[in-house]
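In what follows, a single structure is set out as structure tokens and then discussed.
The values are calculated or read from the model by the stated rules, or taken from the named source; none is laboratory data. The shown structure was predicted, so the numbers you read here are calculated from the model rather than taken from an experiment. Backbone-built Cβ (ideal geometry, glycine too); neighbour counts: all protein chains shown.
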Amino acid sequence: MLSDKPGKYRNKYVADYCVFDLETTGISCRNDEVVEISAVKVIGGKNTEEYTTLVNPGMPIPFQATAVNGITDDMVADAPDFETAFKGFLDFAGDLVLVGHNIHSFDMKFLYRDAEKFWGRTVGNDYIDTLRIARCILPQLRHHRLVDLAEYYGISPEGAHRALNDCRMNQIVFERLGQEAAGSFEAVKGVRICPRCQSPLKKRSGRFGEFYGCTGYPDCRYTEDIC
């Protein structure tokens, strides 16, 4: 939903939410554009409805992006522009909490940027980032990519890196994480939480010894001394 203030980051499981994912021409929210947006509406923990569309980015899709997501210039030639696709997504999601993987550092930045560009407002939905949650719940894993979590939970990663398939995969992962955490992702298994951005804190070594640093770095640079 459009709002004058951005939504807040949440750290607790919710049963009603909207999983979403973007595919883009690259990783820069300054220079790159969206080429696909998909979403899954979840009510009571169950997939009830889906939304997906390719997007004409108004620029050539770089080879490197196509190599990852398989989306080509020909595929998006007759697709709607992102203003149209974005409005459809906002109507679909309503005021539900948004859920996605690495959305705090990536997808939400594209949404905030383009909401301001198109309508002079921002996205007011609260959101939950499953990457941050997974780092709290599953600290024993070396990597926390969506495909890594799918493998850990025995979920097929087939079709990964296309937005709708990633949404479906992420929805199952989020439900499994919620079950493991018994509904709350705060201070799970003794993990310290950043008071600024709610990401887990990790013990690090620096010039003056060990300290707790936010795993949301470089977006968040919070640190704590180890007493």
Based on this model, can you work out whether E186 counts as of a type in the set (D, E) and at pLDDT 80 or above? no
All helices (runs of 4 or more DSSP H) inside the range 80-145 with 2 or more residues being of a type in the set (A, V, I, L, M, F, W, C), farther than 13 Å from G7 by Cα and modelled with pLDDT under 95: 130-137
Flag for K109 being farther than 28 Å from G45 by Cα and basic (K, R): no
Verdict on T48 being surrounded by fewer than 20 Cβ atoms within 10 Å (Cβ to Cβ) and polar (S, T, N, Q): yes
Collect the residues in the range 51-67 that are surrounded by 13 or more Cβ atoms within 10 Å (Cβ to Cβ) and either under 19 Å from the mean Cα position of the chain (by Cα) or within 30 Å of D95 (Cα to Cα) (or both), keeping them in residue-number order. Y51, T52, T53, L54, V55, N56, P57, A65
So which residues in the range 1-52 are out of contact with any helix residue (DSSP H, G or I) (no Cβ under 8 Å at 6 or more places or on another chain), outside any loop (DSSP other than H, G, I, E, B) and among the polar types (S, T, N, Q), if there are any at all? S3, T48
Of the conditions (1) in contact (Cβ under 8 Å) with a residue 40 or more places away in the chain; (2) under 14 Å from V19 (Cβ atoms); (3) not polar (S, T, N, Q), I155 fails just one. Which one is it? (1)
Residue satisfying all of: in the range 150-164; within 14 Å of the chain's Cα centre (by Cα) and part of a helix (DSSP H, G or I); surrounded by the most Cβ atoms within 10 Å (Cβ to Cβ) among these: A163
From the list N11, N69, exactly one residue is under 23 Å from E158 (Cβ atoms) and at pLDDT below 95. Which is it? N69
